[in-house]
1. When the residues of region 23-40 are filtered to those that are surrounded by 19 or more Cβ atoms within 10 Å (Cβ to Cβ) and not β-branched (Val, Ile, Thr), which remaining residue is nearest to ASP71 (Cα to Cα)?
2. Residues of region 43-88 being out of contact with any helix residue (DSSP H, G or I) (no Cβ under 8 Å at 6 or more places or on another chain), of a type in the set (D, E, K, R), in contact (Cβ under 8 Å) with a residue 24 or more places away in the chain and in a helix (DSSP H, G or I), which ones?
3. Among the residues of region 2-12, is there at least one that is free of Cβ contacts under 8 Å to residues at least 24 places away in the same chain, exposed (fewer than 13 other Cβ atoms within 10 Å of the Cβ), over 21 Å from HIS95 (Cβ atoms) and out of contact with any helix residue (DSSP H, G or I) (no Cβ under 6 Å at 6 or more places or on another chain)?
4. Among the candidates TYR178, TYR107, which residue alone is more than 22 Å from PHE65 (Cβ to Cβ), surrounded by 12 or more Cβ atoms within 10 Å (Cβ to Cβ), aromatic (Phe, Trp, Tyr) and not assigned by TED's automatic domain parsing to the domain that holds ILE25?
5. Would you call VAL81 assigned by TED's automatic domain parsing to the domain that holds GLY147 and modelled with pLDDT of 95 or more?
6. Which residues, taken from region 48-74, are surrounded by fewer than 18 Cβ atoms within 10 Å (Cβ to Cβ) and within 14 Å of the chain's Cα centre (by Cα)?
7. Can you go through VAL220, VAL142, VAL213 and tell me which one is touching a helix residue (DSSP H, G or I) at 6+ places or on another chain (Cβ under 9 Å), part of a loop (DSSP other than H, G, I, E, B) and β-branched (Val, Ile, Thr)?
8. When both residues are 6+ apart or on different chains and their Cβ atoms are under 6 Å apart, which pairs have a first residue that lies in region 104-125 and is closer than 18 Å to GLN138 by Cα, and a second that is assigned to a helix (DSSP H, G or I) and modelled with pLDDT under 90?
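The values are calculated or read from the model by the stated rules, or taken from the named source; none is laboratory data. All figures in this text were calculated on a predicted structure; none of them were measured in a lab. Don't worry about glycine lacking a Cβ; one is built from the backbone with ideal geometry, like all the others, and counts go over all protein chains shown.
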Amino acid sequence: MSSHIREYTYNILIVEDNLLLSDGIKAVLNLIPQNEPLLNFNIEQALDYESGVTKIEEVKSKGFFDVVILDISLGISNDGVRRSGEELGTWIRSHSPKIKIIVFTSYSDSFRINSIFKNVNPEGFLIKNSKTDYRVLQKVIVKIINGETHYCSTLSEVIRKRNRIPEKLDVIDLKILYELSNATKKKNMPKYIPLELRSIEKRLRHLKEIFKVDCDRDLVLKAKENGFL
């Protein structure tokens, strides 16, 4: 592992509701100085949205976290509400935009990945699977600290597929496709999408034109094939 990093102590926050995994990530980070002697880490941990926000606010008086390693599925906060890592990432972008975010998640479906990038736009993205070992995580941390980005092959494949479609879809289009794939009846879609039924039907017709299909079933299949679901 090589880098061009000045000697510095980086503040890292791990937001992960599985304490065993969180401790494992911390141990992996603490091994990095063996190969990068100029690097030092001050590592904090949080289990849920609320404790993540609290940690970030506490550090503000003396600086800020350089990197947040963020799981998407988080535990229930003290107020009894379960908020996602995506919601925390969105909060971080609004309140501490200097923080670099690495999403480390088990979610690999295209719809959720699209949503994460729409709302959080992280500097790094890793899928929790058998291909992601401690060396990969160490490499990604060093790259992000160096001002680079890193996206796993799953994400690269989603982007490659999406680029086949010349017309850009917005968040409402993606939500309509998502509800359609979940077999939500059209008449019930206004409960989940902030549009009247007439507008939803108009968008559906346009989506079929974009994907060059005639029926809802083929639209879902084409959307999956092109990385939108």
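1. Taking region 23-40 and keeping what is surrounded by 19 or more Cβ atoms within 10 Å (Cβ to Cβ), we get 25, 29, 32, 39.
Among the residues that remain, those that are also not β-branched (Val, Ile, Thr) are: 29, 39.
Working: LEU29: 16, LEU39: 24 Å.
So the residue we want is LEU29.
2. Across region 43-88, the qualifying residues are GLU50, LYS55.
3. Our first condition is that a residue be free of Cβ contacts under 8 Å to residues at least 24 places away in the same chain; within region 2-12, this holds for 2.
The next check asks that each one be exposed (fewer than 13 other Cβ atoms within 10 Å of the Cβ); those that pass are 2.
Imposing the further condition that a residue be over 21 Å from HIS95 (Cβ atoms) reduces the set to 2.
Imposing the further condition that a residue be out of contact with any helix residue (DSSP H, G or I) (no Cβ under 6 Å at 6 or more places or on another chain) reduces the set to 2.
Taking every residue of region 2-12 in turn, at least one turns out to be free of Cβ contacts under 8 Å to residues at least 24 places away in the same chain, exposed (fewer than 13 other Cβ atoms within 10 Å of the Cβ), over 21 Å from HIS95 (Cβ atoms) and out of contact with any helix residue (DSSP H, G or I) (no Cβ under 6 Å at 6 or more places or on another chain).
4. Working: TYR107 fails: not assigned by TED's automatic domain parsing to the domain that holds ILE25.
Just one listed residue meets the conditions, TYR178.
5. Values: assigned by TED's automatic domain parsing to the domain that holds GLY147: yes; modelled with pLDDT of 95 or more: no.
In short, no.
6. Answer for region 48-74, where residues must be surrounded by fewer than 18 Cβ atoms within 10 Å (Cβ to Cβ) and within 14 Å of the chain's Cα centre (by Cα): just SER73.
7. Values: VAL220 fails: part of a loop (DSSP other than H, G, I, E, B); VAL142 fails: part of a loop (DSSP other than H, G, I, E, B).
Residue meeting the stated conditions: VAL213.
8. Going by the 6 Å Cβ cut-off, the qualifying pairs are PHE125/LEU155.
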